[in-house]
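The values are calculated or read from the model by the stated rules, or taken from the named source; none is laboratory data. Since the structure is predicted, the reported quantities are computational estimates derived from the model, not experimental observations. Virtual Cβ from ideal backbone geometry, glycine too; neighbours counted across all protein chains shown.
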Amino acid sequence: MVHNVSNPPTLGLKECIKDLLGERGFAYIAKAKELKAAGKDVISFGVGQPDIPTFDHIVEEGIKALKERFTGYTETQGIKELRAAIAEYLNERYGSDVQEDEVLVTIGTKGAAFLALAAYLKPGDEVIVPEPTYPVYSEAPKFIGAKPVYIPLKWEGEDRGFSLDIEEIEKAISSKTKALVVNNPHNPTGAIFKPAELDALMDLARRHNLVVFVDEIYDNFIYEESTFKSFMEFPDWRDYVIYLNGFSKTFSMTGWRVGYLVARSDVVRNLTKLAVNVWSCPPSMAQRAAIAALKGDWKPVRDMVNLFRERRDTMVAELRKVPGFEVWRSAGAFYVFPRVRRLLDSIGMNVEEFVDYLIDSKYVVTLPGTAFPDTAGKDYIRFSFCISKDKIIEGAKRIKDTVEDLLASRFKR
Ligand SMILES: Cc1ncc(COP(=O)(O)O)c(C=O)c1O
């Protein structure tokens, strides 16, 4: 390879791309793979995807589409039958009145999120992001030159978990604020925000004329009979909401890359113009599989969620045995997000050092709360329970042993 230009133009990337954070979850997954390849007995709580493979009837429809050579470009907006199936699903579930021309099928939910953020935010705009947050909601605005304004979730203790800090959110609204973000059920905390909190957020949007980017990708992972309210239930969603969801989690289809965005039809028309210039269309065979997912048997989804509920219970029970861990029983998604501040103070480590120590000494992979992506997560660790009950028990035991050793050696010093 020859490098013969002293200041090659290919290195002239925009500054803002250099400041982007990747998704640290992916780095930890790579680390787990590396250790496994080196023969280590790794237990990974890192990964945010169901460990159950895509259900058979969905795979079969994907294969059928391939065999029929349904492999060309489709409409940019997504095939009509899929858009109709998405609208019907939402309307049945949430009593909304979504029309098929208000749906845009995207490359993953992340694709929908990036498209929407890019379409609304201008350099200098502010977007209010409850923190911790799934990283696309901080990084896409940064890339565009907009500013994510982080408002930490409120920690209400082991019994009550996390809530939106509506007062602080309202205080943060300035003349530059263009939008709010809400992800519910929430990654990484596993919180399901109360209907009253969502009503208050929607009310802020109405009073201050703000767009609300709503990510409900975990809306089928709900463990408590109760409280989940979708933004699709607000009769005036068309005026404020850009709704984001997808197939990755509910149907264990992370690699198929199908998500969707719902917004009023004139917004969708404009976003489709952006989409055609970025990706032309979502994968054709995966769209056919997505129809089979929505229209087919939902029993495998229910079984998966029931299994995950049991795993959550195991995870919470086992982690509560670890000294210094305050563990709230998450209500949704597939994460537990224990508060470990007291432990970190006792052992004199920050959360990243502690997470690295667990990987290096016991091959247990977790994610530091700071992966989401700034400072609000510094007292927390994210555990995904997308692994078997036995592994959850074994992994938690290794952590407990490590913590007890660390505390004992500190006491001796
Ligand atoms: C809150 C949230 N939104 C979006 C995504 C991305 O989903 P997709 O695979 O549909 O792009 C994830 C994945 O972890 C997520 O946690």
Tally of residues being farther than 16 Å from residue 319 by Cβ, of a type in the set (Ser, Thr, Tyr) and surrounded by 16 or more Cβ atoms within 10 Å (Cβ to Cβ) across region 358-412 = 2
How many residues, within region 326-344, are part of a strand (DSSP E or B) and surrounded by 24 or more Cβ atoms within 10 Å (Cβ to Cβ)?
-> 3
Matching entry among 188, 235 (being assigned by TED's automatic domain parsing to the domain that holds residue 131, in a loop (DSSP other than H, G, I, E, B) and within 11 Å of the ligand (Cβ to nearest atom)) = 188
May I ask you to list the residues in region 27-55 that are within 15 Å of the ligand (Cβ to nearest atom) and out of contact with any Gly (no Cβ under 9 Å at 6 or more places or on another chain)?
-> 27, 50, 51
Tell me, please, whether a residue that is among the aromatic types (Phe, Trp, Tyr) and farther than 24 Å from residue 275 by Cβ can be found in region 85-92.
-> no
Quick check, is residue 248 in a loop (DSSP other than H, G, I, E, B), under 17 Å from residue 136 (Cβ atoms), within 16 Å of the ligand (Cβ to nearest atom) and touching a residue at least 40 places away in the same chain (Cβ under 8 Å)?
-> yes
Taking residue 285 as the residue in question, decide whether it is in contact with a Phe, Trp or Tyr (Cβ under 9 Å, 6 or more places away or on another chain) and either over 28 Å from residue 151 (Cα atoms) or at pLDDT below 95 (or both).
-> yes
Selection within region 170-186 - among the hydrophobic types (A, V, I, L, M, F, W, C) and crowded, with 20+ Cβ neighbours inside 10 Å | 179, 180, 181, 182
Here is a list of conditions, (1) within 16 Å of the ligand (Cβ to nearest atom); (2) surrounded by 20 or more Cβ atoms within 10 Å (Cβ to Cβ), and residue 211 meets all of them except one; can you say which number that is?
-> (1)
